[in-house]
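**Student:** Please read through the structure below; I'll follow up with questions.
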Amino acid sequence: MNRLSRLPLFLMLLGLVSASMIVPACYALAIEEFHDARAFFYSALVGLILTALVAIALSNRAHNRSGVRQLLALLAAFIFLPIFLAVPFFEAVRTTTFLSSYVEMVSALTTTGATLFEPGRLSGPEHLWRGQVGWMGGLIIWVSASAILAPLTLGGFEVTASGEPGQVIAQGAARGVRSDPAHRLRRSAEVLLPVYAGLTLSLCVMLLVAGDPPLVALMHAMAVMATSGISPVGGVSGAASGMPGEMILFCFMFFALSRLTFSTDTSQATRPGLLFDPEFRLGLFIIVIVPVLFFIRHWAASFEVGDEQNIGAGLRAFWGGLFTALSFLSTTGFLSVEWSTAQDWSGLSTPGIILMGLAMVGGGVATTAGGVKLLRVYALYLNGTRELERLIHPHSVGRSQLVSRRIRREGAFIAWVFFMLFAVTLAGFAMAFGLVGIAFEQSIILTVAALSNTGPLIVYSGAEPIVLSSLTTEAKYLFSAAMVLGRLELLAIVVMLSPGLWRS
């Protein structure tokens with residue numbers, strides 16, 4: 001295991017995904033989908049042989065000795081690994097182009113979950129491969145957060161860490177792990193993989209008990225843990241478990257609000273406990289206040305249609321808003337079955353801009369959720385309240401804790417810089433989509449969905465669903481680039497372009 005951890009990160013990921021192709025191959029063989037079984041098995045065989053040959057050629061060299069080089073390998077994985085992932089999918093589907101298969105795999109690996117294919121067009125093994133790639137993408141994010149991003153004070157850690165973004169400092173590293181990047185990567189994988197797999201298995205068993213078929217239960221479990229929103233039946237509305245299944249999924253979506261829900265390897269909290277974590281508390285506030293406002297709005301409108309005393313419809317509408325708010329805040333993107341109940345109850349439609357806003361805020365730092373991240377929003381809120389205090393009491397002194405000072409001063413400034421970079425990136429991609437012939441509203445939706453890694457936005461946030469398969473070749477490339485950029489964040493790209501770090 002120690003020798004394997006010394007191989008290049010990209011090569012290790014290539015070997016991992018090659019071996020994982022055996023799973024859909026065995027499933028296809030079990031249900032007698034022999035063409036799919038051959039496509040996945042032959043691709044797995046080629047990938048494992050290629051990985052072994054390159055590993056032997058590079059075995060006398062030491063790799064993974066630099067955090068910045070690991071970050072570059074992570075970027076290369078999100079860009080080039082989907083090319084190999086798309087090979088068995090393209091061979092299995094047979095009625096699509098390789099570019100569409102590549103975009104599908106980029107969407108899955110970045111946990112975006114936007115799809116170019118209707119559920120009925122794909123077979124069970126092909127659906128399983130999509131969900132499996134999304135699940136592996138979530139695992140990569142979990143491990144890289146503590147092993148790569150935290151030591152470099154990136155991915156949200158720059159808000160609270162004592163160093164600047166891109167600086168390799170001991171405070172940003174995972175606790176109890178040596179500073180060697182290769183050892184840190186191995187230790188993070190050993191600690192987090194059992195937790196990630198165990199939570200997925202537990203959720204899958206619960207959904208099976210609730211009444212979902214095995215494939216649906218497994219894929220929805222993987223989709224929630226990876227926040228990919230990939231489903232073989234078009235979302236929870238097509239699942240047999242109904243509202244009990246939604247309640248089970250709802251409980252597991254909280255793992256995307258804060259890393260403290262499953263690990264303390266990168267925690268810098270001054271007080272122990274999940275309830276003292278600012279990300280988790282802010283996330284709870286958002287998922288409560290948004291459904292309450294929805295409920296009040298629809299209840300007031302229900303007086304006009306004379307249905308204000310329908311308590312059952314009101315409670316179902318509230319649950320639909322609660323589940324959907326957490327789903328899009330965690331960037332999973334599942335829409336509750338009762339989401340339409342609120343519209344039927346009052347006769348009003350719920351604007352998709354709310355869903356886009358929730359997805360842009362996103363979940364917690366170092367989780368599988370995308371978006372701006374709750375910690376950055378909290379940093380700006382904390383700095384704003386302090387500035388208001390100074391307007392009222394100019395000579396007042398703020399709290400003296402080290403983390404609080406960091407968030408109010410340097411952390412808030414860096415969070416503001418990130419917001420500006422995010423806004424400029426959003427405007428740039430929206431303009432680029434417009435230049436390739438996409439309408440303004442669709443350009444904004446595509447950009448927000450890609451940068452926040454919330455693919456279901458393209459279906460639910462606009463007046464009409466956006467059909468990705470109908471986009472031009474240029475638009476598909478832009479959408480893929482935006483998904484990769486949203487997953488790694490522009491700040492990490494800026495750090496990789498810094499010549500000073502490569503000389504160090």
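No lab work stands behind these numbers, since they all come straight from the coordinates. Quick caveat: nothing in here was measured; it's all calculated off a predicted structure. Glycine gets a Cβ as well: all are built from the backbone with ideal geometry, and neighbour counts include every protein chain shown.
**Student:** Between beta-carbons, use under 15 Å as the cut-off and find the net charge around residue 249, counting Lys and Arg +1, Asp and Glu -1.
**Tutor:** -3
**Student:** Normalised by the number of residues in the chain, what is the relative contact order in percent for Cα pairs under 8 Å and 6+ residues apart?
**Tutor:** With pairs under 8 Å counted, the relative contact order is 16 percent.
**Student:** Tell me, rounded to the nearest percent, the portion of alpha carbon pairs in the chain spaced more than 28 Å apart.
**Tutor:** 53
**Student:** Going toward the positive end of the dipole of the range 1-136, with +1 on Lys and Arg Cβ and -1 on Asp and Glu Cβ, which of 73, 103, 84 do you reach last?
**Tutor:** Going by the Cα projections, it comes out as 73.
**Student:** Still on this structure: Taking K and R as +1 and D and E as -1, what net charge do the other residues with C-beta under 13 Å from the C-beta of residue 368 add up to?
**Tutor:** Charge balance near residue 368 sits at +3.
**Student:** Can you show me the helix-derived [θ] at 222 nm for the chain, built from DSSP H runs with n ≥ 4 at -39,500 (n - 2.57) apiece and divided by the number of residues, rounded to the nearest 500.
**Tutor:** Rounded to the nearest 500, the figure is -20500 deg cm²/dmol.
**Student:** In addition: If we count every other residue with Cβ under 15 angstrom of residue 286's Cβ, Lys/Arg +1 and Asp/Glu -1, where does the sum land?
**Tutor:** Result for the local shell: +1.
**Student:** Filter the DSSP H helices in the chain by two things, a Kyte-Doolittle mean of at least 0.5 and an axial alpha-carbon span of 20 angstrom or more, and list the hits by number.
**Tutor:** Correct list, ordered by number: 34-57, 67-93, 181-210, 278-305, 311-329, 412-435, 473-488.
**Student:** May I have the extent of the alpha carbons of the range 422-484 along their three principal axes, as whole Å values ordered from largest to smallest?
**Tutor:** Extents along the principal axes: 26, 21, 20 Å.
**Student:** I'd like to compare 118-125, 372-379, 79-86, 224-231: which one has the highest average count of other Cβ atoms within 10 Å, and what's the full order after that?
**Tutor:** 224-231, 372-379, 79-86, 118-125
**Student:** I would also like to ask the following. In debye, nearest 20: dipole of the chain around its Cα centre with unit charges on the Cβ of K, R (+) and D, E (-)?
**Tutor:** That gives a dipole near 2220 debye.
**Student:** Rg and Dmax of the range 1-110 over Cα atoms: what are they, in angstrom?
**Tutor:** Just the Cα atoms of the range 1-110 yield Rg and Dmax of 15.2, 46 Å.
**Student:** Cβ neighbours within 10 Å, averaged per peptide: list 248-255, 106-113 in order, most packed at the top.
**Tutor:** Answer by packing, highest mean first, reads 106-113, 248-255.
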